[in-house]
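For reference, the structure discussed in these notes is given below.
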Amino acid sequence: MTEDIITGIQRKLEKHLRPERYRHTIGVMYTAASLSMCHKGNIEKAMLAGLLHDCGKEYSIKEQKRLCREYKIPLTESELKMPALIHAKLGTYLTEHEYNIEDSEVLNAITYHTTGKPDMTLLEKIIYIADYIEPGRIAIPVLDKVRYVAFSNIEEAVALSAGSTISYLKKMGRDIDPMTIKTYEYYTKK
(Lines give C-alpha, C1' and ligand atoms only; values in the text may rest on other atoms or scores of the structure.)
Protein backbone atom coordinates (compact mmCIF):
# COMPACT_ATOMS: atom_id res chain seq x y z
CA MET A 1 0.00 0.00 0.00
CA THR A 2 1.29 3.41 -0.80
CA GLU A 3 0.90 6.84 0.66
CA ASP A 4 -1.01 7.74 -2.53
CA ILE A 5 -3.89 5.43 -1.59
CA ILE A 6 -4.22 6.99 1.85
CA THR A 7 -3.98 10.52 0.41
CA GLY A 8 -6.64 9.71 -2.20
CA ILE A 9 -9.01 8.35 0.45
CA GLN A 10 -8.37 11.39 2.65
CA ARG A 11 -9.38 13.70 -0.22
CA LYS A 12 -12.56 11.71 -0.87
CA LEU A 13 -13.50 11.64 2.82
CA GLU A 14 -12.83 15.34 3.25
CA LYS A 15 -15.53 15.99 0.63
CA HIS A 16 -17.94 13.40 2.08
CA LEU A 17 -17.65 14.02 5.84
CA ARG A 18 -18.66 17.03 7.91
CA PRO A 19 -15.59 18.98 9.09
CA GLU A 20 -15.85 17.75 12.71
CA ARG A 21 -16.19 14.09 11.62
CA TYR A 22 -13.26 14.52 9.23
CA ARG A 23 -11.08 16.00 12.03
CA HIS A 24 -12.04 13.04 14.24
CA THR A 25 -11.16 10.63 11.44
CA ILE A 26 -7.73 12.18 10.92
CA GLY A 27 -7.18 12.11 14.69
CA VAL A 28 -8.02 8.40 14.80
CA MET A 29 -5.77 7.70 11.81
CA TYR A 30 -2.72 9.32 13.42
CA THR A 31 -3.48 7.90 16.88
CA ALA A 32 -3.75 4.44 15.31
CA ALA A 33 -0.41 4.98 13.56
CA SER A 34 1.19 5.99 16.88
CA LEU A 35 -0.24 2.98 18.71
CA SER A 36 0.89 0.75 15.86
CA MET A 37 4.45 2.10 16.10
CA CYS A 38 4.45 1.56 19.84
CA HIS A 39 3.09 -2.00 19.70
CA LYS A 40 4.99 -3.09 16.56
CA GLY A 41 1.89 -3.31 14.36
CA ASN A 42 1.42 -2.59 10.68
CA ILE A 43 1.39 1.22 10.45
CA GLU A 44 -0.16 1.43 6.98
CA LYS A 45 -3.04 -0.88 7.92
CA ALA A 46 -3.59 1.07 11.13
CA MET A 47 -3.70 4.35 9.20
CA LEU A 48 -6.08 2.91 6.63
CA ALA A 49 -8.49 1.41 9.18
CA GLY A 50 -8.35 4.58 11.28
CA LEU A 51 -9.08 6.71 8.24
CA LEU A 52 -12.06 4.61 7.14
CA HIS A 53 -13.50 3.55 10.52
CA ASP A 54 -16.38 6.09 10.41
CA CYS A 55 -16.96 6.29 6.65
CA GLY A 56 -20.49 4.93 7.15
CA LYS A 57 -21.40 7.33 9.95
CA GLU A 58 -22.14 10.44 7.91
CA TYR A 59 -25.49 9.03 6.81
CA SER A 60 -28.60 9.47 8.97
CA ILE A 61 -29.69 6.41 10.96
CA LYS A 62 -32.64 5.98 8.59
CA GLU A 63 -30.28 6.08 5.59
CA GLN A 64 -27.82 3.68 7.29
CA LYS A 65 -30.63 1.16 7.80
CA ARG A 66 -31.82 1.61 4.21
CA LEU A 67 -28.30 1.09 2.85
CA CYS A 68 -27.87 -2.04 4.99
CA ARG A 69 -31.09 -3.44 3.54
CA GLU A 70 -29.99 -2.49 0.01
CA TYR A 71 -26.53 -4.02 0.43
CA LYS A 72 -27.91 -7.05 2.30
CA ILE A 73 -25.87 -6.30 5.43
CA PRO A 74 -27.44 -8.30 8.28
CA LEU A 75 -28.09 -6.32 11.46
CA THR A 76 -28.36 -7.81 14.92
CA GLU A 77 -31.19 -7.12 17.33
CA SER A 78 -28.76 -4.99 19.34
CA GLU A 79 -27.88 -2.89 16.30
CA LEU A 80 -31.55 -2.31 15.57
CA LYS A 81 -32.15 -1.30 19.21
CA MET A 82 -28.94 0.79 19.30
CA PRO A 83 -28.63 2.22 15.79
CA ALA A 84 -25.46 4.14 16.66
CA LEU A 85 -23.70 0.78 16.16
CA ILE A 86 -24.85 0.31 12.56
CA HIS A 87 -22.19 2.55 11.01
CA ALA A 88 -19.46 0.00 11.79
CA LYS A 89 -20.91 -2.70 9.54
CA LEU A 90 -21.94 -0.18 6.89
CA GLY A 91 -18.44 1.33 7.02
CA THR A 92 -16.91 -2.11 6.51
CA TYR A 93 -19.07 -2.62 3.43
CA LEU A 94 -18.22 0.83 2.04
CA THR A 95 -14.52 0.30 2.72
CA GLU A 96 -14.56 -2.85 0.63
CA HIS A 97 -16.94 -1.79 -2.14
CA GLU A 98 -16.41 1.98 -2.52
CA TYR A 99 -12.80 2.34 -1.41
CA ASN A 100 -11.67 -1.04 -2.81
CA ILE A 101 -9.93 -2.19 0.36
CA GLU A 102 -10.17 -5.96 0.62
CA ASP A 103 -7.72 -6.59 3.48
CA SER A 104 -9.65 -8.67 6.02
CA GLU A 105 -7.62 -7.29 8.94
CA VAL A 106 -8.58 -3.72 8.04
CA LEU A 107 -12.21 -4.69 7.44
CA ASN A 108 -12.48 -6.52 10.78
CA ALA A 109 -10.90 -3.60 12.64
CA ILE A 110 -13.60 -1.33 11.23
CA THR A 111 -16.36 -3.84 12.04
CA TYR A 112 -15.38 -4.08 15.72
CA HIS A 113 -14.28 -0.50 16.43
CA THR A 114 -17.44 0.34 18.40
CA THR A 115 -18.05 -2.78 20.49
CA GLY A 116 -14.75 -4.58 20.47
CA LYS A 117 -14.84 -8.35 20.80
CA PRO A 118 -13.05 -11.01 22.82
CA ASP A 119 -9.58 -11.99 21.59
CA MET A 120 -9.12 -9.09 19.15
CA THR A 121 -6.15 -8.90 16.82
CA LEU A 122 -3.61 -6.16 17.48
CA LEU A 123 -5.07 -4.03 14.67
CA GLU A 124 -8.61 -4.45 16.03
CA LYS A 125 -7.43 -3.33 19.49
CA ILE A 126 -5.56 -0.40 17.99
CA ILE A 127 -8.59 0.94 16.11
CA TYR A 128 -10.92 0.32 19.06
CA ILE A 129 -8.61 2.33 21.34
CA ALA A 130 -7.59 4.99 18.79
CA ASP A 131 -11.26 5.86 18.28
CA TYR A 132 -11.66 6.22 22.06
CA ILE A 133 -8.52 8.26 22.79
CA GLU A 134 -7.88 10.44 19.73
CA PRO A 135 -6.85 13.98 20.72
CA GLY A 136 -10.16 15.63 19.78
CA ARG A 137 -12.25 13.52 22.17
CA ILE A 138 -14.17 15.39 24.82
CA ALA A 139 -12.80 14.56 28.27
CA ILE A 140 -14.64 11.74 30.03
CA PRO A 141 -13.76 10.27 33.44
CA VAL A 142 -11.19 7.60 32.45
CA LEU A 143 -9.93 9.12 29.20
CA ASP A 144 -6.58 10.32 30.56
CA LYS A 145 -5.90 6.93 32.15
CA VAL A 146 -6.81 5.04 28.97
CA ARG A 147 -4.57 7.36 26.94
CA TYR A 148 -1.67 6.70 29.31
CA VAL A 149 -2.17 2.93 29.54
CA ALA A 150 -2.78 2.44 25.80
CA PHE A 151 0.89 2.92 25.01
CA SER A 152 2.14 0.44 27.59
CA ASN A 153 -0.65 -2.17 27.92
CA ILE A 154 -3.21 -2.03 25.14
CA GLU A 155 -5.24 -4.90 26.60
CA GLU A 156 -5.68 -3.03 29.87
CA ALA A 157 -6.72 0.01 27.83
CA VAL A 158 -9.39 -2.10 26.08
CA ALA A 159 -10.74 -3.27 29.45
CA LEU A 160 -10.79 0.29 30.81
CA SER A 161 -12.54 1.75 27.79
CA ALA A 162 -15.12 -1.06 27.56
CA GLY A 163 -15.78 -0.72 31.30
CA SER A 164 -16.18 3.03 30.97
CA THR A 165 -18.62 2.60 28.07
CA ILE A 166 -20.69 0.10 30.06
CA SER A 167 -20.76 2.39 33.13
CA TYR A 168 -21.79 5.38 31.03
CA LEU A 169 -24.59 3.50 29.25
CA LYS A 170 -25.89 2.09 32.55
CA LYS A 171 -25.85 5.56 34.12
CA MET A 172 -27.78 6.94 31.14
CA GLY A 173 -30.28 4.06 31.28
CA ARG A 174 -29.37 2.96 27.76
CA ASP A 175 -29.03 -0.49 26.26
CA ILE A 176 -25.61 -2.13 26.17
CA ASP A 177 -24.52 -4.27 23.26
CA PRO A 178 -23.73 -7.81 24.48
CA MET A 179 -20.45 -7.76 22.54
CA THR A 180 -19.24 -4.79 24.59
CA ILE A 181 -19.94 -6.77 27.77
CA LYS A 182 -18.11 -9.81 26.36
CA THR A 183 -15.18 -7.57 25.41
CA TYR A 184 -15.01 -6.13 28.91
CA GLU A 185 -15.24 -9.56 30.58
CA TYR A 186 -12.58 -11.05 28.32
CA TYR A 187 -10.06 -8.24 28.80
CA THR A 188 -10.57 -7.87 32.55
CA LYS A 189 -9.68 -11.55 32.96
CA LYS A 190 -6.46 -11.25 30.91
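The values are calculated or read from the model by the stated rules, or taken from the named source; none is laboratory data. All of these numbers come straight from a predicted model, not from anything done at the bench. Heads up: the accessible areas ignore ligands, DNA and RNA and are worked out on the full protein's heavy atoms, side chains in. Shrake-Rupley method; radii C 1.70, N 1.55, O 1.52, S 1.80 Å.
Values as computed for the structure displayed
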{"read-out": "Nearby aspartates and glutamates by direct alpha-carbon distance to Lys190 (threshold 18 angstrom, same-chain neighbours under 8 apart not counted)", "value": "Asp119, Glu124, Glu155, Glu156"}
{"read-out": "Helix runs (DSSP H) in the chain reaching 15 Å along axis by Cα, Kyte-Doolittle at least -1.0", "value": "3-16, 19-38, 86-97, 122-133, 154-171"}
{"read-out": "Length added when fully stretched, Thr76-Lys15, from 0.36 nm per residue minus Cα-Cα", "value": "18.9 nm"}
{"read-out": "Solvent exposure ordering (accessible area, 1.4 Å, most first) of Lys182, Lys117", "value": "Lys182, Lys117"}
{"read-out": "Of all accessible heavy-atom area on the range 52-190, the percent that carbon and sulfur account for (1.4 Å)", "value": "53"}
{"read-out": "Prolate/oblate/rounded call for the chain, Cα gyration tensor, a/c under 1.5 rounded", "value": "oblate"}
{"read-out": "Residues of type aspartates and glutamates that Lys12 reaches as a straight line, Cα spacing below 19 Å, ignoring anything fewer than 8 places off in the same chain", "value": "Glu3, Asp4, Glu20, Glu44, Asp54, Glu58, Glu96, Glu98, Glu102"}
{"read-out": "Anisotropy class of the range 109-190 from Cα gyration tensor, a/c 1.5 cut", "value": "rounded"}
{"read-out": "Separation of alpha-carbon centers, the range 53-84 and the range 134-190, rounded to whole Å", "value": "23"}
{"read-out": "Long pairs among Lys117/Lys171; Lys40/Lys171; Lys40/Lys89, criterion Cα-Cα beyond 32 Å", "value": "Lys40/Lys171"}
{"read-out": "Accessible-area order (highest first, 1.4 angstrom probe) of the listed residues Met82, Met179", "value": "Met179, Met82"}
